[in-house]
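Chemist: This is the structure I want to talk about, given as C-alpha cells.
What follows draws every value from the coordinates through simple rules; no lab data is involved. This is a predicted model, so every value here is computed, not measured.
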Amino acid sequence: METLETKSEKVTEKKAGTSKVNQLRGSRKVRLWVIGILMLIVGIMFVFWTKARIALAAIFITLLAAFGLEVSQNDWDLGTLMKTGSFQESKVARDAVGNVLFDKLGNITTDSSRGKTADEYNCDDFSSQPEAQAFFEKVGGVGNDVNRLDGNKDGEACESLPKTAK
C-alpha cells in the first residue's frame with residue numbers, strides 16, 4: 001500500500017512534467033515549427049486527397065495566417081476586440097522576445113506598462129496571498145510555476161504573504 005507521501009511525490013512529478021510541455025508551448029520557435037509542420041502536412045494532403053481540397057485549402061490559409069501573426073509577433077485579445085471594436089486597443093502586449101505579458105491578476109494584458117512576463121513576477125509584487133494565488137492559478141499553477149511562487153510545490157503560492165489585503 002502506498003503512503004500518502006509517495007502519492008504526493010507522484011502528483012508533484014506528474015505536474016512537473018506538465019511544466020516542460022508548458023515551456024515548449026510558450027516558446028515562439030516551437031510554435032513556429034509546429035505551424036510550419038502542420039502547413040507541410042496539409043500541403044501534402046492537398047496533393048493526394050482530391051475530394052477534400054477545398055477544406056484543406058481553407059485549413060492551409062488559416063495556418064498561413066497563424067504563421068504570419070506569430071512571425072510578426074501580433075496577437076489580439078478577442079474579448080477586448082468585441083467590447084471596443086478597436087484593433088489598436090485589443091492588441092496583446094509582448095516583450096522584445098515575443099513573450100505575452102500578464103497583469104497582476106494573471107490576465108493577458110493589452111497595455112505593456114501594466115504587465116510583465118509570467119516569470120518576472122515574484123511574491124513581492126503582490127499585497128496578499130489570495131492575490132498571488134489567483135495569479136499563480138491563472139498562469140498555470142504548480143505545473144507552470146516558472147517564477148517559483150510556490151517554493152514547496154504544495155499548490156499554495158506566496159504562503160508568507162498576509163491572507164488579507166492591507
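Chemist: Taking H placed 1.01 Å from N in the peptide plane, check which residues at least 5 places from Phe102 or on another chain put their amide H under 5 Å from its amide H.
Modeler: The list, which skips near neighbours in sequence, is Thr109, Lys116, Thr117, Ala118.
Chemist: Residues with amide H under 5 Å of Trp76's amide H, sequence separation 5 or more or different chain, H placed in the peptide plane at 1.01 Å from N; which?
Modeler: Close amide H contacts, sequence-distant or interchain: Val92.
Chemist: Could you calculate the contour length gain from Glu89 to Ser128, that is, 0.36 nm times the residue separation minus the distance between their Cα atoms, to one decimal place in nm?
Modeler: Extra length from Glu89 to Ser128 when fully extended: 11.1 nm.
Chemist: Right, here's the next one. Tell me, what HN-Hα J-couplings in whole Hz come from the Karplus equation 6.51 cos²θ - 1.76 cosθ + 1.60 at θ = phi - 60° for each residue of segment 128-140, using x for Gly and Pro?
Modeler: 8, 5, x, 5, 5, 5, 4, 4, 3, 5, 5, 9, x
Chemist: Whole-Hz ³J(HN,Hα) for each residue in segment 31-45, computed from phi via Karplus 6.51 cos²θ - 1.76 cosθ + 1.60 with θ = phi - 60°, x for glycine and proline: what do you get?
Modeler: Result, rounded to whole Hz: 4, 4, 5, 4, 4, x, 5, 4, 4, 5, 4, 5, x, 5, 5.
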